[in-house]
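Report on the structure given below.
The values are calculated or read from the model by the stated rules, or taken from the named source; none is laboratory data. This is a predicted model, so every value here is computed, not measured. Counting neighbours? That spans all protein chains shown, and the Cβs are built from the backbone with ideal geometry, glycine included. Ligands, DNA and RNA are stripped out before the accessible areas are found, and what is left, the full protein with its side chains, is counted by its heavy atoms. Shrake-Rupley method; radii C 1.70, N 1.55, O 1.52, S 1.80 Å.
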Amino acid sequence: MTEAVLLVGGKGTRLQPLTLTTPKPMVPAAGVPFLAHQLARARDAGVRHVVLATSYLAEVFEPYFGDGSAHGLRLTYVTEDVPLGTGGAVRAAADALASGPADPVLVLNGDILSGLDLGGLLHRHERAGADVTLHLTRAEDPRAFGLVPTGPGGRVLAFTEKPRRPEEFVTDQVNAGVYVFRREVMDTIPAGRPVSLERETFPGLLAAGALLHGVVDTSYWLDLGRPASFVQASADLVRGVVRSPAVPGEPGEFLLLPGARVEAGARLGGGTVVGAGAHVAAGAEIEGSVVLDGARVGEGARIHASMVGRQARVGPRTVLHGAVIGDHAGVGADNELRDGARVWCGTTIPDAAIRFSAA
Ligand code: GTP
């Protein structure tokens, strides 16, 4: 039986204010909590038992996903009272696994959307006889990632987290946040204290002579840590650019959840989702955006690549471009918010108060 550990305990600070009340893996992408897509992909790869390593807002996962049977797998919840980092979380979750010492176990960051063939990664791990196998992708601008150069046969040579100096840019291969561990390797991670896989465990294993195997795969890959990439992922799921069996509908230019109301003359496109009970008034244009449950979009508003929180309100003729509106926030009429602007949950912006001129 193949097992997986999903890391879902991070605070998701870059996605605030939406993550103040909802942990990042529970923020809806293409109509369902993002985690539902990952569970569906794991199940399709043959995974039958998933351990969810929770910490931040841990209590919200189980009421939604239960024992996992509705998603075709068995779920176990392991909660760190204090966050133990990515490595500490793997160590804590390992105790809930049934795999034998030499069995492969998938470990997935909870905020990665990828088209990677997970079954293929398991196969490559077994063939290489590796201690840990890492999915690597190629980044045009690797500054925000961990660089992982590999030698002949895919052997990992080094780890450079968030490189700065020019001599550190030895490769464009970056850690994609999906791993296969030989089960017993997890037990070598120290228990009960914070540990970073990227900064401590992997460099430590390398120094100890372990075989870390890198598999470069450049199929679809997106790290949903930032709002711009989160809305992009949701839009790509809706349009079928990347497929997930958890999307509640056929691929198309937009997705309306049951109870969403869109008035005649409104235009939706680019993979936009309109949540349950949300209302979009006439003449509004929404492109490549996520409008969550119960939100209201006024007449003639124009929303592009933005997230509108639950029960939030966007006033008539207001323009949002790359903005995040928190749950229950209100943006009055005739405002213009661009380029990463965020409105905190529950805040109200009066009419015509903010106007960014396009550079
Ligand atoms: P930011 O605060 O915006 O950096 O987001 P994050 O908290 O999610 O951190 P990051 O993107 O580095 O985390 C990568 C993955 O590991 C995510 O799926 C997190 O949920 C998860 N994660 C990070 N830290 C912890 C932790 O201490 N415990 C657990 N269980 N998971 C964690």
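Worth a mention:
- When the range 308-321 is filtered for residues that are open to solvent by 10 Å² or more (accessible area, probe 1.4 Å), closer than 19 Å to Arg267 by Cβ and outside any strand (DSSP E or B), the ones remaining, listed by number, are Pro316, Arg317.
- In the range 165-193, the residues that are within 16 Å of the ligand (Cβ to nearest atom) form Cβ pairs under 7 Å with partners that are small (Gly, Ala, Ser), at six or more places apart or across chains, as follows: Val174/Ala139; Val174/Gly146; Asn175/Gly146; Ala176/Ser114; Val178/Ser114; Met186/Ala94; Ile189/Gly87; Arg193/Gly88.
- Restricting the search to strands (runs of 3 or more DSSP E) fully inside the range 23-110 and requiring at least 3 residues that are within 11 Å of the ligand (Cβ to nearest atom) and in contact (Cβ under 8 Å) with a residue 40 or more places away in the chain gives 47-54, 104-109.
- Annotation note: of Leu320, Leu337, Leu268, Leu292, the sole residue that is closer than 21 Å to Phe34 by Cα and among the aliphatic types (A, V, I, L, M) is Leu292.
- Here Gly9 does not qualify as more than 16 Å from the ligand (Cβ to nearest atom), assigned by TED's automatic domain parsing to the domain that holds Gly177 and either surrounded by fewer than 24 Cβ atoms within 10 Å (Cβ to Cβ) or small (Gly, Ala, Ser) (or both).
- Arg267 meets all of the listed conditions (1) within 17 Å of the chain's Cα centre (by Cα); (2) open to solvent by 60 Å² or more (accessible area, probe 1.4 Å); (3) under 21 Å from Asp334 (Cα atoms) but one, namely (1).
- Criterion violated by Arg48 - all others in (1) modelled with pLDDT of 95 or more; (2) open to solvent by less than 50 Å² (accessible area, probe 1.4 Å) satisfied: (2)
- Filter result (without any contact (Cβ under 8 Å) to a residue 60 or more places away in the chain and over 14 Å from Ala352 (Cβ atoms)) within the range 301-313: Arg302, Ile303, His304, Val308, Arg310, Gln311, Ala312, Arg313
- Highlighted here are the helices (runs of 4 or more DSSP H) found entirely within the range 162-244 that include at least 1 residues which are in contact with a His (Cβ under 8 Å, 6 or more places away or on another chain): 227-239.
- For the range 12-22, the set of residues classified as within 7 Å of the ligand (Cβ to nearest atom) and open to solvent by 20 Å² or more (accessible area, probe 1.4 Å) consists of Thr13, Arg14, listed by residue number.
- Complete set of residues in the range 208-227 that are within 16 Å of the ligand (Cβ to nearest atom) and surrounded by fewer than 17 Cβ atoms within 10 Å (Cβ to Cβ): Arg226
- Residues satisfying the stated conditions in the range 85-106, i.e. open to solvent by less than 20 Å² (accessible area, probe 1.4 Å) and within 19 Å of the chain's Cα centre (by Cα): Gly87, Ala89, Val90, Leu106
- Candidate set: the range 111-133, residues that are away from the ligand (no atom under 15 Å from the Cβ), under 18 Å from the mean Cα position of the chain (by Cα) and crowded, with 19+ Cβ neighbours inside 10 Å; chosen: the one nearest to His49 (Cα to Cα): Leu118
- Output for the range 184-214, where each listed residue is of a type in the set (D, E, K, R) and out of contact with any strand residue (DSSP E or B) (no Cβ under 8 Å at 6 or more places or on another chain): Glu184, Asp187, Arg193, Glu200
- For the residues Arg127, Arg143, the requirement of being within 22 Å of Gly12 (Cα to Cα), assigned by TED's automatic domain parsing to the domain that holds Arg199 and outside any strand (DSSP E or B) singles out Arg143.
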